[in-house]
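To keep things clear, I will list the structure first and then write my remarks on it.
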Amino acid sequence: MLLVTALALILLFVFTGFMARFYHQDERSLARQWSAKADAAMQSGDTKAAIEDYRTALIYSRGNGETSGANETYELHLAQALAASNHSDEARAYFLTLAEREPGNATVNLELARLAARSGDVTEASRYYNAAIFGVWDRDPAAQRRAARIEYSKFLLEHGEAAEAQAQLISLAAALPNASRDDAALHVQAGQLLMESGATANALEEFQRALQLDPSSVDAARGVALANQLLGGSHTGSPQ
Amino acid sequence: MGFLGSDSSQGESTGSEPTPSAAAPAVRRSRFDAAIDSLRQKIALEETTLFLLLAVAIGLFSGLAVVCFRIAIEWTRVGLLGSALYPSVPRVFLVPAIAGLAVAFLVIKFFPRVRGSGVTQTKSAVYIYDGFIPFQTVIGKFICCALAIGSGQSLGPEDPSLQMGAGIASLLGRKLKLSREKVRLIAPVGAAAGLAAAFNSPIAAVVFVIEEVIGTWSAGVLGAIVLAAVSSVVVSRWFLGSEPLFRTPAYSLVNPIELVSYAVLGIAGGIVSLLFAKALSFTRPRLRAIGGSSQYWLPAAAGLVIGVAGIWIPQVMGAGYNYMDQAMHGQFVWQFLIVLALAKIIATTLSFSSGAPGGMFAPTLFIGAMLGAAVGGAEHILTPNSTGPVGAYALVGMGTLFAGFLRVPLTSVFMVLEVSGNYSIILPVIISNAIAYLISLRFQEKPIFDVLSRQEGLDLPSMEELREGQALRVEDAMRPATMPILSSVDSVAAAIEHTRSNQDPNSPEEFFLVRFPTGRWAGVREPALHKFVADGQGSVALGDLLGGQRLPRLHPDQPADLAMRLMRDWPYLPVVSRADALRLEGIVSLSDILNAYLRKPN
């Protein structure tokens, strides 16, 4: 009887193993199908359908051998779709769950910052913006970090936090690339924001740097002229 | 014959296997049987040790069965209702009804014992049928519940998993020829294994079986139950992953005043528990009483009603775990959550009362989650600065309904902790659960499992009554010692004089207690004292003459049952303080105990 029991256990193990394998394969496949459908819906602007499809994808992705990254991608996309369709509370709940699992995820922190900004919570938004700026980005971290800082600076300026905005913009300016003509636009943007924050001298430097990179930049020249005017200085710059 | 041959309680069979008579001629055994017997003698393990090893095997088998069961439910659901979160209208309308008909046919024709959730059936196996659960019931439960739940009946898979685990354990116990006592005990071991794998929560499963099925914490059973539960969860997590049933959002107590909100949830949970229990208690016997061919069409009718409701509220179909997840993330407004909770009560009442096999655990969690999220959502509007996330309320709500409806307060606390993995939620859980439990206790005389078993004509012991019942203690029966107490160091003559001068002449005593300096107590009768004197031992110390005689000592807090067992031929026994054995608190006799039982309110 012992032998029969042991054999039965082994057979049941093997059978269950096959059953579980097919089950996980099915579920993974369903998760990917629904996720693809949701992505298509998002691209076509149908966020309601996208939300439902992402939810469905999430159900099938759980514990089904998907990598944790894939699971979190579905959850992130769902949260982003919810945020895009103004389901802020629910989006926030999902983002918080993701943040708990990956506190350094810059994308999640940025989304949380945006939700906080939407609700007017400056303290919480600042916290999450900073977490995003210093967090881990999956692609092109320099550019993403830069974009996050710019967004944060704009937010601070909108809420009258000029001093903090200046600090962010000065850090931003110091890290801007100076390699090619294409980088001039970034310096112009930084300069414009610095002007807005009241750091005119710093803004002038950025406009001048932009002109050096791209002497034909009209915006840079205009910026230099305006900054000089505000500073009462004699520095000029004109497109060649 | 016991598992390894030595078994003192045999002569009776468990199940249908015939018992060999002692006088039967020796049966020619195969070489294999002889080898096994030889191995047995060499190993010579105690049955208790083997019972524990068997518990592990039961856990493995139950875990595998539950894994297959959960997969079967999911495949049935996807196959019948489609893979979309909200199934299409034709499927929702037709599938539960048609599947209900199929389930009814299977149950009536092939598997008549699979009706019900499985908890009452497991208890009846333990207390009435010596742990016997036919394996056919396990197969039938698997097939019928997978079909019922997968097709959208508002039932859960946990209770059936409990019964399947118990059935597997019963089969193993019978085939391995355990003693009758062990076979009776083995069903709860399997039950814990099945439930642990279904919930992915070993502690909650163990506590539930102890709280609701067996009602005892004895070391032997507890060890086996824990081993089985752990084994089954290991298997379940191996194949299905260790992800919790829900993705619970982060929880923290925003403000201590928030505990008042959880108390409100407890009150709401208590009321809803009562509503659910009353609905079931009312509906089930009435549907069962319809008779005729109703057994065939009732599950289909329930499926049709659920299907129609499912067109607008698809969340009421099936176990509902996915929707609980959404409620925890604040998807629904509080008004809709109330609607969901009430709709689920109606749907589950119909499904269960129609005779469709399946469990009530998942629907209870669903109702609790919706109610909790509703209370949390409403609190957010009223007191936004002192209310935590809605998900926390949903989580606590699940435990609250568990405590109020199923009347298993300990299980509900552990379940919430295991499911959430967050200890900081324990305070709200305890507060809310306790309030719901007390409300349910006050207004619903019997727990729902007791009600269901009575409706089936079974008189099973109520674990709650055993827990809540006041055991009679020695202090309830004892009386002051009015007779003189003798000292072992006194001489016999002095003792006689002491008894004469200190005894109440109106109620003379013939038996006296003798106190030794060491805290030992003995007893001596008056004729014996006089005999000692007649033998010329009047000046000898009483203690020297009594030898090693030792009267059992009692303490006031001990059960009266113990006093009765120790009484034997003694007219009464001393009751002494636990802090000082020399201090006599009183005496107790057999008639004192019996009078106390007669006085005890029923």
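Observations on the structure shown:
- Screening A:D26 with (1) surrounded by fewer than 19 Cβ atoms within 10 Å (Cβ to Cβ); (2) more than 8 Å from chain B (Cβ to nearest Cβ) gives one miss only, at (2).
- Filter pass, A:Y60 being more than 8 Å from every other protein chain (Cβ to nearest Cβ) and under 13 Å from B:L85 (Cα atoms): no
- Whenever a residue of the stretch A:182-209 is of a type in the set (V, I, T), its partners that are crowded, with 20+ Cβ neighbours inside 10 Å, lying with C-beta atoms within less than 8 angstrom and at least six residues away or across chains, give the pairs A:V188/A:E206; A:V188/A:F207; A:V188/A:A210; A:V188/A:S217; A:V188/A:A220; A:V188/A:G223; A:T200/A:L194; A:T200/A:A227.
- Selected residue [more than 15 Å from B:R473 (Cβ to Cβ) and either free of Cβ contacts under 8 Å to residues at least 60 places away in the same chain or within 34 Å of the chain's Cα centre (by Cα) (or both)] from B:L566, B:L594, B:L590, B:L582: B:L590
- Taking the criterion of being under 12 Å from B:S261 (Cβ atoms) and within 14 Å of chain A (Cβ to nearest Cβ), the residues of the stretch B:364-377 that qualify are B:G376, B:G377.
- Checking the stretch B:335-347 against the condition returns a match, with at least one residue being out of contact with any Phe, Trp or Tyr (no Cβ under 7 Å at 6 or more places or on another chain) and within 14 Å of chain A (Cβ to nearest Cβ).
- Candidates A:L76, A:L7, A:L96, filtered to the one that is among the aliphatic types (A, V, I, L, M), more than 10 Å from chain B (Cβ to nearest Cβ) and closer than 20 Å to A:W137 by Cβ: A:L76
- Residue within the stretch B:253-272 that is within 29 Å of B:Y437 (Cα to Cα) and touching an Asp or Glu at 6+ places or on another chain (Cβ under 6 Å) present: yes
- Just one of the listed residues (B:A471, B:A534) is surrounded by fewer than 17 Cβ atoms within 10 Å (Cβ to Cβ) and at pLDDT 90 or above, namely B:A534.
- From A:T47, A:T123, A:T107, residue being among the hydroxyl-bearing types (S, T, Y), within 30 Å of A:Y23 (Cα to Cα) and surrounded by fewer than 24 Cβ atoms within 10 Å (Cβ to Cβ): A:T47
- Some residue of the stretch B:427-449 being within 14 Å of chain A (Cβ to nearest Cβ), in contact (Cβ under 8 Å) with a residue 40 or more places away in the chain and crowded, with 23+ Cβ neighbours inside 10 Å: no
- So B:L401, is it crowded, with 24+ Cβ neighbours inside 10 Å and closer than 19 Å to A:A93 by Cβ: no
- Lone qualifier among B:F69, B:F51 - being surrounded by 22 or more Cβ atoms within 10 Å (Cβ to Cβ), within 30 Å of B:I225 (Cβ to Cβ) and away from chain A (no Cβ under 13 Å): B:F51
- Take the conditions (1) of a type in the set (A, V, I, L, M, F, W, C); (2) at pLDDT 90 or above; (3) surrounded by fewer than 22 Cβ atoms within 10 Å (Cβ to Cβ); B:A197 misses just one of them, which is (3).
- Flag if B:L410 is surrounded by fewer than 24 Cβ atoms within 10 Å (Cβ to Cβ) and not polar (S, T, N, Q): yes
- With respect to the conditions (1) in contact with a Gly (Cβ under 7 Å, 6 or more places away or on another chain); (2) over 25 Å from A:V14 (Cβ atoms); (3) modelled with pLDDT under 90, B:E243 lacks only one, and its number is (2).
- Among the numbered conditions (1) modelled with pLDDT under 95; (2) within 14 Å of another protein chain (Cβ to nearest Cβ), the only one that B:S62 does not meet is (1).
- Residue within the stretch B:285-294 that is among the polar types (S, T, N, Q), in contact with a helix residue (DSSP H, G or I) (Cβ under 7 Å, 6 or more places away or on another chain) and not in a loop (DSSP other than H, G, I, E, B) present: no
- Selected residue (criterion: farthest from the other protein chains (Cβ to nearest Cβ)) from residues of the stretch B:79-92 that are surrounded by fewer than 17 Cβ atoms within 10 Å (Cβ to Cβ) and in a helix (DSSP H, G or I): B:P90
- Residue in the stretch B:231-249 that is of a type outside the set (A, V, I, L, M, F, W, C), within 28 Å of B:N422 (Cα to Cα) and away from chain A (no Cβ under 14 Å) present: no
- Filtering B:A148, B:A166 for residues that are touching a residue at least 40 places away in the same chain (Cβ under 8 Å) and within 18 Å of the chain's Cα centre (by Cα) leaves a single hit, B:A166.
- Options A:G69, A:G120, A:G104: the member that is farther than 30 Å from B:S236 by Cβ, modelled with pLDDT under 90 and more than 12 Å from every other protein chain (Cβ to nearest Cβ): A:G120
- Some residue of the stretch B:126-133 being free of Cβ contacts under 8 Å to residues at least 24 places away in the same chain, away from chain A (no Cβ under 14 Å) and not basic (K, R): yes
The values are calculated or read from the model by the stated rules, or taken from the named source; none is laboratory data. Remember, predicted model here, so these are calculated numbers, not experimental data. Glycine gets a Cβ as well: all are built from the backbone with ideal geometry, and neighbour counts include every protein chain shown.
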